[in-house]
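Chemist: One structure follows; several queries about it will come next.
Please treat every number below as a calculation from the coordinates, not as lab data. Since we're looking at a predicted model, the values are computed, not measured. So basically every Cβ, Gly included, is an ideal-geometry build from the backbone, and we count neighbours across all protein chains shown.
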Amino acid sequence: MTQDEMKKAAGQAALEYVTKGSIVGVGTGSTVNHFIDALGSMKDQIQGAVSSSEASTERLKDLGINVFDANEVASLDIYVDGADEINAAKDMIKGGGAALTREKIVAAIAEKFICIVDNTKEVDVLGTFPLPVEVIPMARSYVARELVKLGGDPCYRQGVVTDNGNVILDVYNMEITEPKAMEDKINAIAGVVTVGLFANRGADVVLVGTPDGVKKW
Ligand code: 5RP
């Protein structure tokens, strides 16, 4: 079974959490694209979606799914999104697709975070995947120096501008043993919009695509 087939299985499995008449929080990435495609089959049974990126918005609209502005919605039952890494405590690294800030906002609005991944994303300790940090452009060098003080090796993601007009620093060589504390520390640096650590608001349900089917934990 390929990695993409495992992503697809996890994306399709998330459909069972979608309730009729609801507005669904939708993340970003190749795994979520499978969920969006599956959601298309339910488009007449839901009110629509709140999206975490321009890319997901376009895909949702192409399928005829109504996309609401986050400001129009008081709450969401579920938010479905992928991750770059997830540990046993359901803390995640996200932002490989540079959509981390909007993802964190939509996740915050939702009651339940359904994380959909393939089995390559499960880790004991977060940090092998370089940790994305969205930064206001004028603060890029300052934030990079502060990240070095925290033990990381930040690298400017060349040529990428986020949907919010900011830049991304990817931080290498961080062994993140205390994800909540690290999330708070990095978010406190002036010029950081948000870090791609989702620990203070982690996942609630994890659906993992494996060669033996979708595992839920
Ligand atoms: C985008 C994300 C994605 O959820 C993460 O990068 C996983 O992507 P994929 O499903 O393509 O492996 O955080 O900002």
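Chemist: State the dimensionless ratio Rg/Rh of segment 124-217 (Rg: radius of gyration of Cα atoms; Rh: Kirkwood radius).
Modeler: 1.04
Chemist: Could you list THR128, THR31 so that the one with the fewest beta carbons within 10 Å of its beta carbon is first and the one with the most is last?
Modeler: Sorted ascending by nearby Cβ count, the order is THR128, THR31.
Chemist: Okay, moving on. Taking only Cα atoms, what is the 0 to 90° angle, nearest 10, from helix 30-39's long axis to the longest principal axis of the chain?
Modeler: Taking Cα atoms only, the helix is inclined about 20 degrees.
Chemist: Using 10 Å bins from zero, what percent of all Cα-Cα pairs in segment 89-174 falls into each bin?
Modeler: Reading the bins upward from 0: 16, 44, 33, 6.
Chemist: On a 28 Å Cα-Cα criterion, which of the cross-link pairs LYS90/LYS185; LYS149/LYS180; LYS43/LYS215; LYS20/LYS180; LYS61/LYS215; LYS8/LYS180 come out too long?
Modeler: LYS20/LYS180; LYS61/LYS215; LYS8/LYS180, as the Cα separations exceed 28 Å there.
Chemist: Sorting VAL160, VAL135 on the 10 Å Cβ count, fewest up front, what's the list?
Modeler: Least to most surrounded, the residues fall as VAL160, VAL135.
Chemist: Can you sort SER41, SER51 so the residue with the fewest Cβ neighbours within 10 Å comes first?
Modeler: SER41, SER51
Chemist: Calculate I(q)/I(0) for segment 79-134 by the Debye formula, one identical point scatterer on each C-alpha and no solvent, and give its log10 at q = 0.13, 0.20, 0.21 Å⁻¹ to two decimals.
Modeler: -0.29, -0.71, -0.78
Chemist: At GLU5 and ASN164, where each label point lies 7 Å from the Cα along Cα→Cβ, what is the point-to-point distance in nanometres?
Modeler: Once both label points are built, they end up 3.9 nm from each other.
Chemist: Give the distance, in whole Å, between the Cα centre of segment 56-96 and the Cα centre of segment 1-22.
Modeler: Comparing the Cα centres of segment 56-96 and segment 1-22, I get a distance of 13 Å.
Chemist: At q = 0.26 Å⁻¹, what is the log10 ratio I(q)/I(0) for segment 128-169, with the Debye formula run over Cα points and no solvent?
Modeler: At q = 0.26 Å⁻¹ the computed log10 ratios are -0.91.
Chemist: Moving to a separate point now. Normalising by the residue count of segment 159-201, find the relative contact order in percent from Cα pairs under 8 Å and 6+ residues apart.
Modeler: 27 percent
Chemist: At 0.36 nm per residue, minus the direct Cα-Cα distance, what do LYS149 and LYS215 gain on full extension? Give it in nm, one decimal, please.
Modeler: 19.9 nm
Chemist: Plugging the Kirkwood radius over Cα pairs into Stokes-Einstein for the chain, at a temperature of 37 °C and a viscosity of 0.692 mPa s, what D comes out in µm²/s?
Modeler: 190 µm²/s
Chemist: Please work out the FRET efficiency for the pair GLU111 and ASN187, using the Cβ-Cβ distance as r and a Förster radius of 22 Å; give the result to the nearest 0.05.
Modeler: With R0 = 22 Å, the Cβ-Cβ based efficiency is 0.45.
Chemist: Counting pairs of Cα atoms in segment 1-113, how many percent are more than 25 Å apart?
Modeler: Above the 25 Å cut-off, segment 1-113 has 12 percent of its Cα pairs.
Chemist: Which whole number of Å³ per residue matches the convex hull of the alpha-carbon atoms in segment 53-103?
Modeler: 107 Å³
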